There are 2 protein chains.
Amino acid sequence: MTTAPTAAVLIIGNEILSGRTVDANLNYLAVQLSQKGILLREARVIPDVREVIVATVNELRAKFTYIFTTGGIGPTHDDITAACVAEAFGLPLVRHPDAVARLDEYYKGLNDTLTEIRLRMANMPEGATLLENPVSGAPGFKIGNVHVLPGVPRILRGIFDLLLPSLAGGPPVVSRTVGSFLKESEIAVQFEVIQNEYPQLDLGSYPSLRDGKPYTSLVAKGTDEAAVEAAFAKIFEMVKALGGTPEVVDAKATA
Amino acid sequence: MTTAPTAAVLIIGNEILSGRTVDANLNYLAVQLSQKGILLREARVIPDVREVIVATVNELRAKFTYIFTTGGIGPTHDDITAACVAEAFGLPLVRHPDAVARLDEYYKGLNDTLTEIRLRMANMPEGATLLENPVSGAPGFKIGNVHVLPGVPRILRGIFDLLLPSLAGGPPVVSRTVGSFLKESEIAVQFEVIQNEYPQLDLGSYPSLRDGKPYTSLVAKGTDEAAVEAAFAKIFEMVKALGGTPEVVDAKATA
C-alpha cells in the first residue's frame, strides 16, 4: 500500500444531532477527497459545545494529515468554531485584516454595511490563512492542518473547490463495481477467495434492497489499477458462475 | 436542564468514507431519538478496521447511555462488527441458538437453505440479546449498552422501530422555528438577548440559501415547553421589528 495523506471531517452542529438538518457535506467531501487520493479515515458529528469542539479538534489534528470542519462560523452567539479552534491551538482569537477587507468589499457590493456583528466573521486564530469564498462574503480559514469551512453546502463547496488543488494528494484510488441479485451469502465464500488473492486491494460487499429483492454490489478498490481490473474480471466471472446476472455498475470510477 | 439519557451513533463502513454510499441512517436515528427524549451527542463514521472499531466501541460505550452501531453484520469477509464488539467487551464470539432458529425459519420460508456462510450472521458476543428483525432473516443484537444494527436502511428501520419502545427516554425536547429572509448578522444581537433570557433553552440560528438569497431559521429548543413557546413568540416579534417577514416553519415539532 502506497502511503497516502489521511483526513477527517468534523461536522459541528446541534442541528444534525437533533435530526433537524440532514448533513449534505460529508458525501461531497468524501468523493472529492477520494478522487484526490486523500484517504478519509473518520467523520465525526459533535454538538456546539466548547469543550467538546476543542478536545475533538486536538484529538483529530494529531491523528490525520488534514482536518476539515464544517459549521459554526457565522455571526451569531452559537457560532463558536473559530474561538474553539483558536483555543485548541493555544492561540489568541484576533480580527484578520484581510478577512475584514473581504467582508467590507462584499457588503459594499450589496450596498450594505459592515456592522460590528458582521465583523465577528473576521475573527480567527492568530496566524490563520484565509480560504477564499467565491460564493459569499465570509472566508473560511486554515490554521495548521485544520481547515475551517461553513455549514451551508453551496458555500462550503465553493470554498472547498478552490482549496482542494492546494492539498497534496496521494495515488488515486480506483474502484470497479459489479452488482447482481445474488445474496451476499451466495457469494461470500468465493468473494473471500478473490480478496485473499489480492491482499493489496479492499474488496467490499454492499447489500441493499432493489424492488424489494436483495441486491449486492461487489467493489474492488485500491491504488493498483491493474490489480483492480483483474479482480473485477474475476468477480464478474464469479457472479456468472454462481448463476447471477452481473451488472457493471461503474465504468471506471474513482472511490 | 433535566437529565436525559444520551446516545452515540457509530457508522461502520468504508463505503461512507470513500463517498461511494451516502449515509441514510443517521438522520432517521437522530429524529427518532430526539422524539423519545434521548440526546444524541455524537455520531462517528469509521472504516472496517478491527482495532479502530474495538477502540471506538469501548470509548463510546463508556461515555453515553446508548450506542447504536450500523453496518458490517452481513455474512461476507468484510463484516466484522460482531467480532469486534465481542472483542471490545472481552467476550467470546459464539453462535446464538435463537439467531440460528430465526435464520433457519427465514430461509425455510424462502425455500432456501441455511448454509454455513449464512450461519455467520448468528455469530454474536456471548450473552447478547437478539433484536428482532421484521424485514429479513438476520437479527441485530444488544450487548451491554451497545445495539448492533445493519446498514441497509429499510432493515435498520424495521429493527430500530421495534427496539425503540424498550429504551428509557427522557423528557421530550420541544422546538419551534421561525424562518425569514433576514441575514444572521441582522438578528445576531437581539437573538443573543433572547438566549440570555432563557438560559434553559438552546437557541440556534441556521443560515441557508433560498432562491439564492440568504435565509435564516431561528430555533428555540428545550424540555421546558412553556419557555420554548415564550421564546418563540419573542423571536417572531423580533423578526417583525427588524423588518423581516416571519414564517412559522414548524407547527409544534419535536427536535
* Please give the number of the condition residue A:10 fails out of (1) within 14 Å of chain B (Cβ to nearest Cβ); (2) touching a Ser or Thr at 6+ places or on another chain (Cβ under 9 Å); (3) farther than 22 Å from residue B:39 by Cα. => (3)
* Is it the case that residue B:136 is in a loop (DSSP other than H, G, I, E, B), at the interface with chain A (Cβ under 8 Å from one of its Cβ atoms) and more than 23 Å from residue B:56 (Cα to Cα)? -> yes
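Yes/no per residue for (1) touching a residue at least 40 places away in the same chain (Cβ under 8 Å); (2) surrounded by 15 or more Cβ atoms within 10 Å (Cβ to Cβ):
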| residue | (1), (2) |
| --- | --- |
| B:76 | no, yes |
| B:85 | yes, yes |
| B:99 | yes, yes |
| B:102 | no, yes |
| B:111 | no, no |
| B:114 | no, yes |
| B:131 | no, yes |
| B:142 | no, yes |
| B:163 | no, yes |
* Only listed residue being modelled with pLDDT under 95 and among the charged types (D, E, K, R), chosen from B:41, B:50, B:20, B:95 -> B:20
* Is there a residue being within 14 Å of chain B (Cβ to nearest Cβ) and either closer than 18 Å to residue A:159 by Cβ or not polar (S, T, N, Q) (or both) anywhere in the stretch A:88-96? -> no
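Please find, among B:134, B:139, B:125, the residue that is in contact with a Leu (Cβ under 7 Å, 6 or more places away or on another chain) and farther than 17 Å from residue B:95 by Cβ. Show your work before the answer.
Details: B:139 fails: farther than 17 Å from residue B:95 by Cβ; B:125 fails: farther than 17 Å from residue B:95 by Cβ.
None of the others qualify; the one that does is B:134.
Name the residues in the stretch A:191-202 that are without any contact (Cβ under 8 Å) to a residue 40 or more places away in the chain and either facing chain B (nearest Cβ under 9 Å) or closer than 17 Å to residue B:75 by Cβ (or both), would you?
Selection gives A:192, A:193, A:195, A:196, A:202.
May I ask you to verify whether residue B:44 is under 23 Å from the mean Cα position of the chain (by Cα), within 14 Å of chain A (Cβ to nearest Cβ) and surrounded by fewer than 23 Cβ atoms within 10 Å (Cβ to Cβ)?
Details: under 23 Å from the mean Cα position of the chain (by Cα): yes; within 14 Å of chain A (Cβ to nearest Cβ): yes; surrounded by fewer than 23 Cβ atoms within 10 Å (Cβ to Cβ): yes.
Yes.
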* Given A:185, A:175, A:205, A:166, which one is more than 10 Å from chain B (Cβ to nearest Cβ) and of a type in the set (Gly, Ala, Ser)? -> A:166
* Asked: Which one of A:178, A:239, A:148 is surrounded by 21 or more Cβ atoms within 10 Å (Cβ to Cβ), touching a Ser or Thr at 6+ places or on another chain (Cβ under 6 Å), at pLDDT 95 or above and not in a helix (DSSP H, G or I)?
  -> A:148
* To do: Please go through the stretch B:208-236 and pick out each residue that is within 14 Å of chain A (Cβ to nearest Cβ), surrounded by 14 or more Cβ atoms within 10 Å (Cβ to Cβ) and among the small types (Gly, Ala, Ser).
  => B:208, B:217, B:220, B:222, B:231
* Just one of A:15, A:51 is surrounded by fewer than 18 Cβ atoms within 10 Å (Cβ to Cβ) and either assigned to a helix (DSSP H, G or I) or among the aromatic types (Phe, Trp, Tyr) (or both); which is it? -> A:51
* **Residue selected from the stretch B:62-79 under the condition within 15 Å of the chain's Cα centre (by Cα) and either away from chain A (no Cβ under 14 Å) or in a loop (DSSP other than H, G, I, E, B) (or both), by the criterion farthest from residue B:166 (Cα to Cα)** => B:71
* Asked: So residue B:138 clears everything in (1) within 15 Å of the chain's Cα centre (by Cα); (2) buried (at least 21 other Cβ atoms within 10 Å of the Cβ) except one condition, right? Which one?
  -> (1)
* **the stretch B:25-37, subset modelled with pLDDT of 95 or more and touching a Pro at 6+ places or on another chain (Cβ under 8 Å), residue nearest to residue B:226 (Cα to Cα)** => B:28
* Would you pick out the residues in the stretch A:1-41 that are among the charged types (D, E, K, R) and more than 13 Å from the chain's Cα centre (by Cα)? -> A:15, A:20
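The values are calculated or read from the model by the stated rules, or taken from the named source; none is laboratory data. Since this is a predicted model, take the numbers as computed values, not measurements. Cβ sites come from the backbone with ideal geometry, for glycine too, and all protein chains shown count toward neighbours.
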